[in-house]
Amino acid sequence: METRARHLGFDDVRVTRPDAVPALVERLPTWLAAGHHGDMAWMVDRADQRADPATLWPGVRSVIMLGMSYGPEENPLAALDRRDRGAIAAYAQRRDYHEVLKGKLKELGGYLSAKGDVRVKVFVDTAPVMEKPLAEAAGLGWQGKHTVLVSRAHGNWLLLGAIYTSADLAADAPETDHCGSCRRCLDICPTNAFPAPYQLDARRCISYLTIEHEGPIPRAFRAAIGNRIFGCDDCLAVCPWNKFAAIAGEGRLAARADLVAPPLADLARLDDAGFRTRFAGTPIKRTGRDRFLRNVLIAIGNSGSAALAPEVVRCLSDPAPLVRGMAVWAATRLFDADALRAAFEEHGRQETDDAVRAEWQNGLTQNGPSGSIAQELRDS
């Protein structure tokens, strides 16, 4: 099996038992009860199946965990200094890993089934499967203080897939924690998303905020987001174990040149059709155009670039309230008092969406010449 898996492009393959992580039965409900999952209601749905593989499929006897490296070609943190461009998480600069891994898992599952009376089910991050704890139990790596799987051979850059099988396979030894006293991943987080080592509050995580969160991003986190427009690699990129990682070997996981620090001006002009065309086949497409432009406009507001002001003006009349609201916020960051007043006169007075009106009121109160424009908005 291992030979076949490596032939298919997997960089590591290990086996564990479905009952190898009994602590999940208590840990997952505690995490959910604290609200750390944010708006991700799907984490609550079928939580019992996440905590216990046998509840998801009673026929499972072994869990095969597989990892494929997506080691980036360059330092993911480098894009953060290019304020007029967007920083996209390394995994999203490539073809959607769900498509790449699932086809290979199905092929490996078919290979196993052909060996005898063996049933299999394959999963890639879309079913109630706790991949990281199972991968740790199987020995692929350990969950670091940032809760992401860390491998001694591949650093933080492993995409995970799982095969539940009815075959009774010999289990591998679990990996032990090798984080030691290091806390680089915790200290670099721009939004303090880790209440303690090995704990993540998704509600404060930039990856969650820019990908999973559906509405306006809370004002408290916008400045800290910087130019990160889809995901965040900060806690991953600083891990010392990355020194052993290699660039992704799977050709379909090579980074697309147009997704490495793309110009914000270009992205702000995307309509729905243009968004779908540009990001077809990538993980970015699933957020939808409006949420993506929300992120782009936050990045523009943080850029300090007057050259991007015309993109903000155009988005003030966007059909989507979510986009208009973030355009208002960007305007209050980039425009001087006269430009802000002119923008309000043209766009703010006729605004009908309550959330966008609130953005105008808050932004003008905080950044207007004397708060007088905000008073006009309240009186209108």
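Here, each number is a calculation from the coordinates, and none is a lab measurement. Every value quoted in this text rests on a predicted model; they were computed, and no experiment measured them. Neighbour counts are summed over all protein chains in view; Cβ atoms, including those assigned to glycine, are modelled from backbone coordinates with ideal geometry.
Using Cα positions and a limit of under 20 Å, work out the aspartates and glutamates in reach of Lys104, with same-chain residues fewer than 8 apart set aside.
Glu2, Asp11, Asp12, Asp96, Asp125, Glu131, Glu250
Tell me which cysteines of the chain come out unpaired when the rule is another cysteine's Cβ under 4.7 Å.
Cys179, Cys182, Cys189, Cys205, Cys232, Cys239, Cys315
Put +1 on the Cβ of every Lys and Arg and -1 on every Asp and Glu Cβ in the chain; which of Ala87, Pro310, Gly110 then has its Cα farthest towards the positive end of the dipole?
Of the listed residues, the answer is Gly110.
For the pair Arg286 and Gln366, what calculated FRET efficiency results from E = 1/(1 + (r/R0)^6), where r is the Cβ-Cβ distance and R0 = 45 Å, to the nearest 0.05?
So, using R0 = 45 Å, E works out to roughly 0.85.
Can you tell me, using C-alpha contacts under 8 Å and at least 6 residues apart, the relative contact order of the range 3-106 as a whole percent?
Taking the mean separation of contacting Cα pairs over the length of the range 3-106, I get 33 percent.
Ile247 to Ala173: extension gain in nm, 0.36 nm per residue of separation minus the Cα-Cα distance?
Using 0.36 nm per residue and subtracting the Cα-Cα distance, I get 24.0 nm.
Which one of Ile298, Leu253, Leu334 has its Cα pushed farthest toward the positive end of the charge dipole of the chain, where Lys and Arg give +1 and Asp and Glu give -1 at the Cβ?
In the chain, that residue is Leu253.
Arrange Trp57, Trp42, Trp157, Trp329 by Cβ neighbour counts within 10 Å, fewest through most, would you?
Trp42, Trp57, Trp329, Trp157
For helix 289-303, report the angle its Cα long axis makes with the longest principal axis of the Cα atoms of the chain; keep it between 0 and 90° and round to the nearest 10°.
Long axis of 289-303 versus the principal axis of the chain: about 60 degrees.
To test your reading of the geometry: what angle, between 0 and 90 degrees and rounded to tens, separates the Cα axis of helix 321-334 from the longest principal axis of the chain?
The helix 321-334 is inclined about 60 degrees to the chain.
For the residues Lys106, Lys285, what sequence is obtained by ranking on other C-beta atoms within 10 Å, fewest first?
Starting with the residue having the fewest Cβ neighbours, the order is Lys106, Lys285.
Can you give the longest run of the chain that contains no GluC sites (Glu not before Pro) sitting in a DSSP loop with at most 16 other Cβ atoms inside 10 Å?
Result, exposed sites excluded: 215-380.
Step through the residues of the range 195-208 one at a time and calculate ³J(HN,Hα) from phi using the Karplus curve (6.51 cos²θ - 1.76 cosθ + 1.60, θ = phi - 60°), rounding each to whole Hz and writing x for Gly and Pro.
x, 6, x, 6, 10, 10, 9, 4, 4, 10, 7, 5, 4, 5
At 7 Å along the Cα-to-beta-carbon direction for both Ala153 and Arg184, put a label point, then send me their distance in nm to one decimal.
It is 2.2 nm.
Relative contact order for the chain using alpha-carbon pairs under 8 Å, separation at least 6, rounded to a whole percent? Please list the in-between numbers first.
Numbers: 686 pairs, mean separation 71.2, N = 380.
Over the chain, the number comes to 19 percent.
If you plug each phi of the range 59-65 into the Karplus form 6.51 cos²θ - 1.76 cosθ + 1.60 with θ = phi - 60°, what whole-Hz ³J(HN,Hα) values come out, in order, with x for Gly and Pro?
x, 6, 10, 9, 10, 9, 9
For the chain, with only Lys/Arg (+1) and Asp/Glu (-1) charged at the beta-carbon, what is the dipole magnitude about the Cα centre, in debye rounded to 20?
It works out to roughly 640 debye.
Could you pull out every one of the aspartates and glutamates with an alpha carbon less than 14 Å from that of Lys243, ignoring same-chain neighbours closer than 8 positions?
Glu73, Glu74
For the range 263-380, give the magnitude of the charge dipole about the Cα centre (Cβ charges: +1 Lys/Arg, -1 Asp/Glu; no others), in debye to the nearest 20. Display every interim value, and only then the final one.
On the way: 15 positive and 16 negative charges, 125 e Å.
Rounded to the nearest 20 debye, it is 600 debye.
Exposure proxy check: Thr55, Thr210 ranked by fewest other beta carbons within 10 Å? Please list the in-between numbers first.
Working: Thr55 16, Thr210 25.
By the 10 Å Cβ count, ascending: Thr55, Thr210.
Between Rg and the Kirkwood Rh of the range 129-188, both from Cα atoms, what is the Rg to Rh ratio?
Details: Rg = 12.8 Å, Rh = 12.5 Å.
Taking Rg over the Kirkwood Rh, I get 1.02.
Sum -39500 (n - 2.57) across every DSSP H segment of at least 4 residues in the chain, then divide by the residue count to get the 222 nm mean residue ellipticity, nearest 500.
Details: 17 runs with 143 residues, N = 380.
It comes out at -10500 deg cm²/dmol, rounded to the nearest 500.
I'd like the Karplus ³J(HN,Hα) series for the range 269-278: coefficients 6.51, -1.76, 1.60, θ = phi - 60°, whole numbers in Hz, and an x wherever there's a Gly or Pro.
Coupling constants for the range 269-278: 8, 6, 8, 4, 5, x, 4, 5, 5, 5 Hz.
For Cα extents along the principal axes in Å, the choices are [x] 65, 49, 41; [y] 74, 41, 40; [z] 63, 50, 36; which was calculated from the structure?
Recomputing Cα extents along the principal axes in Å here picks out [y].
Using the Cα centre of the range 126-236 as origin and beta-carbon charges of +1 (Lys, Arg) and -1 (Asp, Glu), tell me which of Pro133, Ile206, Trp157 is placed farthest towards the positive end of the dipole.
Ile206
Cα atoms only: what Rg and Dmax, in Å, come out for the range 263-380?
14.4, 48
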